[in-house]
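Quick note: the coordinates plus some simple rules give every number you see, no bench work behind them. Remember, predicted model here, so these are calculated numbers, not experimental data. Don't worry about glycine lacking a Cβ; one is built from the backbone with ideal geometry, like all the others, and counts go over all protein chains shown.
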Ligand code: XIL
């Protein structure tokens with residue numbers, strides 16, 4: 001097929017992009033999104049600071065706009081993210097103990113409940129591990145102890161029983177101490193009946209990233225019986241070096257049965273969170289880059 005979304009669909013996959021509602025009025029942004037992608041995720045609009053700026057006061061304007069667009073365009077919607085150490089509203093950062101636990105579960109109930117039935121897979125918890133496989137010492141971890149992650153998954157399951165529930169992280173682009181720790185957590189959750197359906201691999205890369213065990217790593221998670229998703233792909237660089245990395249990641253997903261799809265973290269280089277690194281598939285004028293051709297060719 002001629003587009004990323006249609007080619008991915010022929011392979012039983014989705015191909016998505018992270019979207020900011022404020023750019024949708026730009027013709028090139030919207031037309032590229034509608035033509036090329038069949039899945040979207042909110043780059044920021046569904047995060048805690050955006051959806052619950054003060055306790056119990058929910059605002060869903062940006063997220064609702066994306067869900068409406070997706071439904072009109074027949075796209076899937078990923079949910080990102082219910083609980084994270086970053087982009088918490090100020091009122092959460094000061095909470096301790098049971099008050100923080102209640103705020104977390106009420107936030108999950110509020111957001112996942114609002115979007116119940118509309119999200120294919122939620123990033124329930126984002127970035128809770130360090131490189132060495134230990135838990136990140138966030139406010140959640142230091143205040144609530146190890147149980148906060150499973151409590152978040154149980155709350156998400158109660159709020160939206162049909163959504164797939166994912167753990168999402170970066171630096172998991174191979175078999176390493178961090179991906180080992182996440183693997184062990186999935187095994188433990190499955191053994192104890194904690195609901196978890198998928199693992200998201202953010203896949204923020206550069207042109208010289210070592211991907212020698214990338215596919216093997218996806219496969220070992222798939223073998224546990226969870227879906228794997230490439231959730232935030234971008235690759236700093238340009239030209240054929242960048243294109244080769246994109247190709248390797250795309251092929252790895254296609255080679256792993258449980259890899260359900262790929263999301264790139266934006267459409268155009270000019271709005272990338274990585275500034276001047278030009279990590280995306282379309283340049284600042286929405287022209288297809290060599291990386292785009294590599295992905296389309298691999299799909
Ligand atoms: C980034 C957004 O792209 C930026 O616009 C925002 O200022 C900060 O967050 N890992 C994640 C994403 O899970 O939510 C982050 O998104 C990028 C790193």
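A compact table of results
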quantity: Search result, residues across the stretch 1-56 that are in a helix (DSSP H, G or I), under 22 Å from residue 254 (Cβ atoms) and touching a strand residue (DSSP E or B) at 6+ places or on another chain (Cβ under 7 Å); calculated: 4, 5, 8
quantity: Pairs, first closer than 21 Å to residue 261 by Cα in the stretch 39-60, second near the ligand (Cβ under 10 Å from one of its atoms) and part of a loop (DSSP other than H, G, I, E, B), C-beta under 6 Å, six or more apart; calculated: 43/20
quantity: Any chance residue 131 is within 15 Å of residue 198 (Cβ to Cβ), outside any helix (DSSP H, G or I) and under 20 Å from the mean Cα position of the chain (by Cα); calculated: no
quantity: Selection within the stretch 92-106 - buried (at least 16 other Cβ atoms within 10 Å of the Cβ) and either assigned to a loop (DSSP other than H, G, I, E, B) or touching a strand residue (DSSP E or B) at 6+ places or on another chain (Cβ under 7 Å) (or both); calculated: 95, 104
quantity: Subset of the stretch 107-127 (residues that are within 16 Å of residue 48 (Cβ to Cβ), more than 16 Å from the ligand (Cβ to nearest atom) and assigned to a loop (DSSP other than H, G, I, E, B)); calculated: 115
quantity: Qualifying residue in the stretch 72-82 (condition: away from the ligand (no atom under 14 Å from the Cβ) and in a helix (DSSP H, G or I)); calculated: yes
quantity: Boolean, residue 280 is within 13 Å of the ligand (Cβ to nearest atom) and either surrounded by fewer than 22 Cβ atoms within 10 Å (Cβ to Cβ) or under 17 Å from residue 202 (Cα atoms) (or both); calculated: yes
quantity: Test: residue 153 is in contact with a helix residue (DSSP H, G or I) (Cβ under 8 Å, 6 or more places away or on another chain), crowded, with 20+ Cβ neighbours inside 10 Å and under 19 Å from residue 214 (Cα atoms); calculated: no
quantity: Evaluation of residue 69 against (1) in a helix (DSSP H, G or I); (2) within 15 Å of the ligand (Cβ to nearest atom) (one fails), failing number; calculated: (2)
quantity: Residue tally, condition away from the ligand (no atom under 16 Å from the Cβ) and buried (at least 22 other Cβ atoms within 10 Å of the Cβ), over the stretch 15-32; calculated: 1
quantity: Within the stretch 280-299, tally of residues that are outside any helix (DSSP H, G or I) and touching a helix residue (DSSP H, G or I) at 6+ places or on another chain (Cβ under 7 Å); calculated: 7
quantity: The stretch 128-146: number of residues that are under 20 Å from residue 94 (Cα atoms) and within 16 Å of the ligand (Cβ to nearest atom); calculated: 4
quantity: Top-ranked residue in the stretch 83-99 [being free of Cβ contacts under 8 Å to residues at least 24 places away in the same chain and farther than 20 Å from residue 155 by Cα; ranked as nearest to the ligand (Cβ to nearest atom)]; calculated: 90
